[in-house]
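These notes are about the structure you will find just below.
The values are calculated or read from the model by the stated rules, or taken from the named source; none is laboratory data. Predicted model only: the values in this text are computed from it and were never measured. Virtual Cβ from ideal backbone geometry, glycine too; neighbours counted across all protein chains shown. When the accessible area is computed, the model is the full protein with side chains, heavy atoms only, and any ligands, DNA or RNA have been set aside. Shrake-Rupley method; radii C 1.70, N 1.55, O 1.52, S 1.80 Å.
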Amino acid sequence: MVGCDGGRSSVRREAGIGFPGTTDDEVLRLGHFATGADTGIFEALETDGLAPGWNRTPNGRLLLTSLQHGVLIAGVREKGAPGDGPVTPEDFRAAVRRVLGRDLPLGEPIWLSGTVAQARLAERYRAGRVFLAGDAAHLFPAGGSALNVGMTDAANLGWKLAAALRGRASDGLLDTYESERRPVAERALMQTRAQAVLDRLEGEDGAALRELLTEVFAFEEPLRHVAGLLHDSGVRYGPAAHPLVGRFVPDLALAGGRRVAELMRAGRPVLLDLGGGATLDDDWIDVVRARADDPPADALLIRPDGYVAWAGTEGVAQAAQEWFGLTASRA
């Protein structure tokens, strides 16, 4: 069983897995509103001293942004308000009045929700035959990371469960789900905690910290580091001699216009032979012979979740046995 049943996971509770962490003292109400205009709503709000992004008041914060024409995204953060749960249009309007001191012409509500942020990480991801993934395994106090981490949890665990069902899982393969994914959640929890603190800090101290970091992130290297941290591009599963092993496979441009990403669509292991003569004799793994300019290795053995299991010229048999329970030979 895989518990993907959210922050209040009954699967996690019944499995006896602890979920330590903290709960925020603010509630966030978020809504999408049809404005009936592309930009008029922003022009009107800016003339009243509000602008796209978070607007701070003595009573809380008001978010105004948009991701598509004619739809305004608005959010209200405040302390001491009722907790998470269903939100009615009147609930949302009342929250705006409490924070802003007046009403806003937000438009017709498309959907509304309310949530209280939490920072939590399951003590373990596995209890016997029970696994946790997504919000059942971790809750982050700042938005954006949960979807990415949850989806990559599923991609990591899915192919390993498939291998077990096929009778092809090597000893300890299912245990690598926790050893690989829990450290990723720890990093995501760290950076989202930092985001939440940066957002909550009020007054001159908060303004000074945000201004300083804005200057720091104007430089390319700090910006790249934080961007990589946000979308996990720096994740590496375990140490290895070759720099690609344990990392997400680069989307190489192959001869004939193909790309590596296209080879992964079937959700199967792939041996990509780039000139080293590697081969595998098994019906579960796809062997692809291709050419690429300046290849990073003679051959790559790629897991179904897109991570490189092996790279080089020697040792494919051992790697195939370790990860997929396969036998291999070199042509």
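Which of the residues belonging to the range 305-326 are in a loop (DSSP other than H, G, I, E, B) and among the charged types (D, E, K, R)? Break it down into steps so the answer makes sense when it comes.
Step one: of the range 305-326, the residues in a loop (DSSP other than H, G, I, E, B) are 305-306, 313-315, 325-326.
Within the range 305-326, Asp305, Glu314 qualify.
Hey, can you tell me all the residues within the range 252-261 that are open to solvent by 70 Å² or more (accessible area, probe 1.4 Å) and touching a strand residue (DSSP E or B) at 6+ places or on another chain (Cβ under 9 Å)?
Our first condition is that a residue be open to solvent by 70 Å² or more (accessible area, probe 1.4 Å); within the range 252-261, this holds for 256, 258-259.
If the condition is that a residue be open to solvent by 70 Å² or more (accessible area, probe 1.4 Å) and touching a strand residue (DSSP E or B) at 6+ places or on another chain (Cβ under 9 Å), then Arg258, Arg259 are the ones that fit.
If Phe324 satisfies all but one of (1) more than 28 Å from Ala146 (Cα to Cα); (2) touching a residue at least 60 places away in the same chain (Cβ under 8 Å); (3) open to solvent by 20 Å² or more (accessible area, probe 1.4 Å); (4) touching a Ser or Thr at 6+ places or on another chain (Cβ under 9 Å), what's the number of the condition it fails?
Failed condition: (3).
Out of the residues in the range 140-155 that are among the hydrophobic types (A, V, I, L, M, F, W, C) and either open to solvent by 50 Å² or more (accessible area, probe 1.4 Å) or in contact with a Phe, Trp or Tyr (Cβ under 8 Å, 6 or more places away or on another chain) (or both), state the one that is farthest from Gly267 (Cα to Cα).
Restricting to residues being among the hydrophobic types (A, V, I, L, M, F, W, C) and either open to solvent by 50 Å² or more (accessible area, probe 1.4 Å) or in contact with a Phe, Trp or Tyr (Cβ under 8 Å, 6 or more places away or on another chain) (or both), the top hit is Ala146.
Return the only residue of Leu72, Leu62, Leu50 being open to solvent by less than 20 Å² (accessible area, probe 1.4 Å), modelled with pLDDT of 85 or more, touching a helix residue (DSSP H, G or I) at 6+ places or on another chain (Cβ under 6 Å) and over 19 Å from Glu26 (Cβ atoms). Spell out how you get there, then give the answer.
On the way: Leu62 fails: over 19 Å from Glu26 (Cβ atoms); Leu50 fails: touching a helix residue (DSSP H, G or I) at 6+ places or on another chain (Cβ under 6 Å).
Criteria check complete, one pass: Leu72.
All but one of (1) modelled with pLDDT under 90; (2) among the aromatic types (Phe, Trp, Tyr); (3) in contact with a strand residue (DSSP E or B) (Cβ under 7 Å, 6 or more places away or on another chain) hold for Phe42; which doesn't?
All conditions are met except number (3).
With the requirement that a residue be part of a loop (DSSP other than H, G, I, E, B) and farther than 24 Å from Ala155 by Cβ, what does the range 275-304 give you? Before the answer, list the steps.
Narrowing the range 275-304 to residues part of a loop (DSSP other than H, G, I, E, B): 275-277, 281-285, 290-291, 293-298, 303-304.
Passing the criteria: Gly275, Gly276, Gly277, Asp281, Arg291, Asp293, Asp294, Pro295, Asp298.
All but one of (1) modelled with pLDDT under 90; (2) not in a loop (DSSP other than H, G, I, E, B) hold for Ala240; state the number of the condition that does not hold.
(2)
Search the range 5-21 for residues that are assigned to a loop (DSSP other than H, G, I, E, B) and pair each with any residue that is exposed (fewer than 14 other Cβ atoms within 10 Å of the Cβ) and hydrophobic (A, V, I, L, M, F, W, C) when their beta-carbon atoms are under 9 Å apart and the residues are at least 6 apart or on different chains.
Within 9 Å, the pairs are Ala15/Met1.
Of these, Glu202, Glu221, which one is touching a residue at least 40 places away in the same chain (Cβ under 8 Å) and not hydrophobic (A, V, I, L, M, F, W, C)? Step through it out loud before you land on a result.
Values: Glu221 fails: touching a residue at least 40 places away in the same chain (Cβ under 8 Å).
After applying the criteria, what remains is Glu202.
So is Ala241 among the aliphatic types (A, V, I, L, M) and open to solvent by 40 Å² or more (accessible area, probe 1.4 Å) or not?
Numbers: among the aliphatic types (A, V, I, L, M): yes; open to solvent by 40 Å² or more (accessible area, probe 1.4 Å): yes.
Spelling it out, Ala241 is indeed among the aliphatic types (A, V, I, L, M) and open to solvent by 40 Å² or more (accessible area, probe 1.4 Å).
I need the full set of residues from the range 214-231 which are open to solvent by 50 Å² or more (accessible area, probe 1.4 Å) and either part of a helix (DSSP H, G or I) or within 16 Å of Arg187 (Cα to Cα) (or both), in order please. Give the steps one after another, and end with the answer.
In the first step, residues of the range 214-231 are kept if they are open to solvent by 50 Å² or more (accessible area, probe 1.4 Å); the result is 214-221, 223-225, 230-231.
Answer for the range 214-231, where residues must be open to solvent by 50 Å² or more (accessible area, probe 1.4 Å) and either part of a helix (DSSP H, G or I) or within 16 Å of Arg187 (Cα to Cα) (or both): Thr214, Glu215, Val216, Glu220, Glu221, Leu223, Arg224, His225, Leu230, His231.
Is there a residue in the range 182-197 that is surrounded by 15 or more Cβ atoms within 10 Å (Cβ to Cβ) and of a type in the set (Asp, Glu)?
No - not one qualifying residue is present in the range 182-197.
I'd like to check something: does the range 118-126 contain any residue that is among the hydroxyl-bearing types (Ser, Thr, Tyr) and open to solvent by less than 40 Å² (accessible area, probe 1.4 Å)? Working first, answer last.
Within the range 118-126, the subset among the hydroxyl-bearing types (Ser, Thr, Tyr) is 125.
Retained after the next criterion (residues that are open to solvent by less than 40 Å² (accessible area, probe 1.4 Å)): 125.
Checked against the condition, which is being among the hydroxyl-bearing types (Ser, Thr, Tyr) and open to solvent by less than 40 Å² (accessible area, probe 1.4 Å), the range 118-126 yields at least one hit.
Give Arg303, Arg247 a once-over and let me know the one that is in contact with a strand residue (DSSP E or B) (Cβ under 9 Å, 6 or more places away or on another chain), over 21 Å from Arg168 (Cβ atoms), crowded, with 17+ Cβ neighbours inside 10 Å and touching a residue at least 60 places away in the same chain (Cβ under 8 Å).
On the way: Arg303 fails: over 21 Å from Arg168 (Cβ atoms).
One residue alone meets the criteria, Arg247.
Residues that are acidic (Asp, Glu), open to solvent by 60 Å² or more (accessible area, probe 1.4 Å), modelled with pLDDT under 95 and closer than 20 Å to Val27 by Cβ: does the range 75-82 have at least one?
For the range 75-82, residues acidic (Asp, Glu), open to solvent by 60 Å² or more (accessible area, probe 1.4 Å), modelled with pLDDT under 95 and closer than 20 Å to Val27 by Cβ: absent.
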